[in-house]
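A quick write-up on the structure given underneath.
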Amino acid sequence: MGKRIFRIILIKPSHYDDDGYVIQWRRSTIPSNSLASVHGLLTLCAEERALGPDVNIEIEAYDECNTIIDVKTATRRIKAAGSGFVALVGVQSNQFPRALDIARQFRAADVVVMIGGFHVSGCIAMLPELPPDLKEAQALGIALFAGEGEGRMADLLRDIEAGQAKPIYNYLNAMPDMEAAALPILPRHVVTRVAGHYTSFDAGRGCPFQCSFCTIINVQGRKSRYRTADDVEAIVRANAAQGVTRFFVTDDNFARNRNWEPILDRLIALREKEGFRIRLLLQVDTLCHRIPNFIAKAARAGCNSVFIGLENINPESLLNTKKRQNKIWEYRDMLQAWKRAGVMTWAGYILGFPTDTPETMARDIEIIKRELPIDILEFFFLTPLPGSEDHKNLHAKGVPMDPDMNKYDLEHVCTAHPLMSDEAWRGAYRDAWRRYYTDAHVETVLRRAVASGLSPRKIADAMTVFSGAVRIEGVHPLQFGYVRRKIRRQRRNGAPIVNPIVFYPWRALDFLKVALQWLSLVMRYRRILKRVAADPDGARYLDEALRPPTLEGAPEADFVGVFADKIPRTHGAPRREPAASQA
Ligand code: B12
Ligand code: SF4
């Protein structure tokens, strides 16, 4: 039995809102797979007694989006153990300033700190030298980890235990195989801090496409590396044993996971033969409906929501960012295929491609509302994320980019647009949310749900969150949670700590205002839902978006016509004459 303890404290940092408070909630909505992965890898080290038979490796995991990090207690626990370290896990660029603020406090108490995740990996993969924030981290004595952790953790722990952690671990040139990789599993008490008790796993990594705004291909590569069906089954069984059966599969593009079919077949068997109540949220590309059986099997395996990287409906924008695989004339077919399978569709839409203007973006959103049967639409600013080709090119050309990494959350303007001022771009972003989530369009989406056999209640709930997150809470739905917390003393380094006499009344009013706004939104959408559900002709509802696409002889309003002159001929695209102006 072990005699000494080596304590590891894993923290997935959040980031700051525009007032400098940490974005955190009583319950978050999306689990952290980075935390689950690193937890799984270290659990394996603990089981294999990587530091020798007399050392117990003990691991604690915290997601700052749903947990307040108590640095003093964590420091005491590591010191009491005698050895250990703090790992800041899965740190994205927008989380790096917060990660540094947390790390600074641990370093002041001489605790070993290491930071890994996409910011470190993306910068090291794409930039000729370390950017200032990574240098600052090094100056604070923080170790940096680039690349993936599979197969590397035991050596790392031995270095830390020996007091010889290196300043940088760089494994970017050797992507580990994922077959037989450690399983990403979090203990139940961590999972239950996520609303709906969702957990996550990556069934694979890597994507074959080449979108210039994407960081993933430059960090995880373009080759599909995947888990075996046996391992996915083991992940599901281990979670089910602790009462968790809802999964966010974080593959950026599960449709391009070369092992998707055996994995789905296994999940189908677990559901249909053994009665597992599996629910899946998958991320896919816009051509997934072309893969024989993909959608049908995903639905049978428990997929009830799917995230689709639609990004834009203007082929010129898509081509400019090398998103050649998105064929707009197939969008409706693809979305209808998911609808027929009873799956809620959730699409991402990027605003601010070089040819976009506020007018064209408004026009395009109206086209989507009219012609594409999307349930949930969410908007992002086109952002040169560190690790992407876009960021690398702007950096090489010396184009100014905002130096504050906290803003690289796809909710802020980070570099100039060729046609719009920053303010016009921000206005278009606000307008996009308002324009899509009008009461009239919420009603249309719910009517489409009834006509397609989807649960209008589930879609109304999702639309409430997506409609309210930005407009009420001021955060993107991907960062949303239930009941916002703002801790007076957890404010961005350099921002003043407000006097309690001022802070608490302000916070109480702020809380009340937000609660009333939510109440009003929920009641409004409930009324729409009631009206839609009460319509006896609901099942017969039909509109342009639900009509099967027939390019031959389709009415000129069909949006493919609007962009006909922008569709490259080499694309296998339909030959259409441009429609009369649709703007
Ligand atoms: C799932 C996911 C989400 C989820 C959950 C995020 C979460 N809380 O974990 C949701 C949907 C909420 C989300 C939101 C956002 N995301 Co996101 N997300 C992903 C995605 C698809 C998978 C993450 C993942 O689990 N990867 C697999 C894990 C295992 O990889 P990993 O984190 O790199 O960890 C490995 C190594 O880095 C290493 N490691 C990591 N940490 C540490 C620490 C130590 C000490 C060590 C030794 C090793 C180590 O070991 C791990 C195992 O190999 C990635 C893309 C991707 N393929 O990774 C984007 C990605 C991370 N997201 C990104 C972004 C920008 C965002 C958002 C800001 C914007 C947005 N609106 O989408 C928000 C931020 C909200 C938030 N609070 O997180 C970017 C980050 C780019 C960057 N330069 O920062 C990515 C890369 C996608 C992209 N667009 O390029 N995201
Ligand atoms: S399809 Fe998605 S994951 Fe693949 S390169 Fe494009 S943005 Fe990245």
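For the chain, evaluate the Debye formula with one uniform point scatterer on each Cα (no solvent term) and list log10 I(q)/I(0) at q = 0.05 Å⁻¹, rounded to two decimals.
Normalising to I(0) and taking log10 leaves -0.21.
Could you run the Karplus curve 6.51 cos²θ - 1.76 cosθ + 1.60 with θ = phi - 60° over segment 52-63 and give me ³J(HN,Hα) per residue in whole Hz, x for Gly and Pro?
For segment 52-63, the Karplus curve yields x, x, 9, 10, 8, 8, 10, 10, 10, 10, 9, 9 Hz.
Relative to the first principal axis of the alpha-carbon coordinates of the chain, what is the inclination of helix 422-436, with its axis defined by its Cα atoms, in degrees from 0 to 90 and to the nearest 10?
Tilt of helix 422-436: around 70 degrees.
In nm, to one decimal, how far is the Glu47 label point from the Arg457 one, both placed 7 Å along Cα→Cβ?
Placing both labels 7 Å along Cα→Cβ, they lie 3.9 nm apart.
Go through Ala143, Ala99, Gly122 and say which Cα lies farthest out towards the positive end of the charge dipole of segment 95-189; charges sit on Cβ, +1 for Lys and Arg, -1 for Asp and Glu.
Farthest towards the positive end: Ala99.
Return the Rg/Rh ratio of segment 346-446 with Cα-based radii and a Kirkwood Rh. Don't jump to the answer; show the numbers that get you there.
Values: Rg = 14.9 Å, Rh = 14.6 Å.
My calculation of the ratio gives 1.02.
I'd like the Karplus ³J(HN,Hα) series for segment 99-114: coefficients 6.51, -1.76, 1.60, θ = phi - 60°, whole numbers in Hz, and an x wherever there's a Gly or Pro.
Couplings: 4, 5, 5, 5, 4, 3, 5, 5, 5, 4, 9, 6, 8, 5, 10, 10 Hz.
Round to the nearest 0.05 the FRET efficiency obtained for Arg158 and Ala424 when R0 = 41 Å and r is the Cβ-Cβ distance.
0.15
By how many nm would the segment from Asp439 to Arg370 grow when fully extended, if each residue of separation counts as 0.36 nm and the alpha-carbon distance is taken off?
The span from Asp439 to Arg370 would gain 23.4 nm if fully extended.
Mean residue ellipticity at 222 nm from the helices of the chain, using -39,500 (n - 2.57) per DSSP H segment of n ≥ 4 over the full residue count, to the nearest 500 deg cm²/dmol?
The helix contribution divided over the chain gives -12000 deg cm²/dmol.
Taking amide H positions as placed in the peptide plane 1.01 Å from N, state which residues far from Phe6 in sequence (5 or more) or on other chains have amide H under 5 Å from it.
Asn56, Ile57, Glu58
Net charge within 13 Å of Ala432 by Cβ-Cβ distance, Lys/Arg positive one each and Asp/Glu negative one each, not counting Ala432 itself?
Counting the neighbours of Ala432, the net charge comes to 0.
Taking all protein chains together and a probe of 1.4 Å, list Leu385, Leu335 from the most accessible to the least accessible.
In descending accessible area the options line up as Leu385, Leu335.
Normalising by the residue count of the chain, find the relative contact order in percent from Cα pairs under 8 Å and 6+ residues apart.
After rounding, I find 15 percent.
For segment 1-156, what are Rg and Dmax over the alpha carbons, in angstrom?
Over segment 1-156's Cα set, Rg and Dmax evaluate to 15.4, 50 Å.
Compute the long axis of helix 33-47 from its Cα atoms, compare it with the longest principal axis of the Cα atoms of the chain, and write down the angle in degrees, 0 to 90, nearest 10.
30
Does segment 73-223 classify as rounded, prolate or oblate by the C-alpha gyration tensor (a ≥ b ≥ c root eigenvalues; a/c under 1.5 gives rounded; else a/b over b/c gives prolate, otherwise oblate)? Mind showing how you got there, number by number?
Details: a/c = 1.58, a/b = 1.22, b/c = 1.30.
Taking the square roots of the gyration eigenvalues as a ≥ b ≥ c, segment 73-223 is oblate.
Treat every Asp and Glu Cβ in the chain as -1 and every Lys and Arg Cβ as +1, leave all other atoms uncharged, and give the resulting dipole magnitude about the Cα centre to the nearest 20 debye.
Charge dipole of the chain: 1520 debye, to the nearest 20.
Would you list, by chain and number, the aspartates and glutamates whose Cα falls below 18 Å from the Cα of Lys392, excluding same-chain residues fewer than 8 positions away?
Qualifying aspartates and glutamates at Cα under 18 Å: Glu129, Asp133, Asp402, Asp404, Asp409.
Mind listing the long-range amide H neighbours of Asp63? Cut-off is under 5 Å, sequence gap 5 or more, other chains count too, H placed in the peptide plane at 1.01 Å from N.
It is Lys12, by chain and number.
Kirkwood hydrodynamic radius, computed over distinct alpha-carbon pairs, for segment 315-373: how many Å, to one decimal?
On the way: mean 1/r = 0.0784 Å⁻¹.
Roughly 12.8 Å, rounded to one decimal.
Hey, in the chain, which Cys have no second cysteine's beta-carbon closer than 4.7 Å?
So far as the 4.7 Å Cβ criterion goes, Cys45, Cys65, Cys123, Cys207, Cys288, Cys303, Cys414 stand without a partner in the chain.
If you fit an axis through the alpha-carbon atoms of helix 456-468 and take the longest principal axis of the Cα set of the chain, what angle between them do you get, 0 to 90°, nearest 10?
That helix lies at roughly 70 degrees to the long axis.
Compute the distance in nm between two label points, each set 7 Å from the Cα along the Cα-to-Cβ direction, one at Ala241 and one at Thr360.
5.5
Going down the table (Lys273/Lys297; Lys79/Lys135; Lys135/Lys486; Lys458/Lys486; Lys12/Lys513; Lys79/Lys486), which pairs top 20 Å between alpha carbons?
Pairs exceeding 20 Å: Lys79/Lys135; Lys135/Lys486; Lys458/Lys486; Lys12/Lys513; Lys79/Lys486.
Could you work out the Kirkwood radius for segment 400-512, taking every pair of different alpha carbons, averaging 1/r and inverting it, reported in Å?
It works out to 17.3 Å.
Test of understanding: express the Cα radius of gyration of segment 235-377 as a ratio to 2.2 N^0.38 Å, with N the residue count.
1.15
Sorted from largest down, give the three principal axis spans of the alpha carbons of segment 184-241, whole angstrom values.
Largest first, segment 184-241 extends 39, 26, 14 Å along its Cα principal axes.
Figure the gain on full extension for Glu261 and Arg222 (residue separation times 0.36 nm, minus the Cα-Cα span) and round it to one decimal in nm.
Length gained, Glu261 through Arg222: 12.1 nm.
Hey, with R₀ at 25 Å, roughly what FRET efficiency would Gln138 and Ala108 work out to, going by the Cβ-Cβ distance, to 0.05?
FRET efficiency, Gln138 to Ala108: 0.95.
Using modelled backbone amide H atoms (1.01 Å from N, in-plane), which distant-in-sequence or interchain residues come within less than 5 Å of Lys166's amide H?
Amide H neighbours of Lys166: none.
Compute the normalised compactness of segment 452-503: alpha-carbon radius of gyration over 2.2 N^0.38 Å, N being the residue count.
With N residues counted in segment 452-503, Rg over 2.2 N^0.38 Å equals 1.69.
Using the Kirkwood radius built from alpha carbon pairs, what does the Stokes-Einstein equation give as D for segment 146-221 at 25 °C and 0.890 mPa s, in µm² per second?
161
For Asp537 and Leu478, what does the FRET efficiency come to when R0 = 30 Å and r is the distance between their Cβ atoms, rounded to the nearest 0.05?
With a Förster radius of 30 Å, E is 0.25.
Projected area of segment 400-439, taken from the Cα convex hull and averaged over every viewing direction, in nm²?
3.4
Expected output is a single nm value to one decimal: the length gained when fully extending between Ile68 and Leu319, i.e. 0.36 nm times separation in residues minus the C-alpha distance. What is it?
Between Ile68 and Leu319, full extension yields 86.0 nm more.
If a/c stays under 1.5 just call it rounded; otherwise compare a/b with b/c (prolate if a/b is bigger, oblate if not). Do that for segment 130-176, with a ≥ b ≥ c from the square roots of the Cα gyration tensor eigenvalues.
It comes out oblate by the Cα gyration axes.
Would you check the accessible area of Val284, probe 1.4 Å, heavy atoms only, in square angstrom rounded to 10?
The value for Val284 is about 10 Å².
The values are calculated or read from the model by the stated rules, or taken from the named source; none is laboratory data. Everything numeric in this text was worked out from a predicted model, so none of it was measured. Cβ: placed from backbone, ideal geometry, glycine included. Neighbour counts: every protein chain shown. SASA here: full protein model, heavy atoms, side chains in, ligands and nucleic acids out. Shrake-Rupley method; radii C 1.70, N 1.55, O 1.52, S 1.80 Å.
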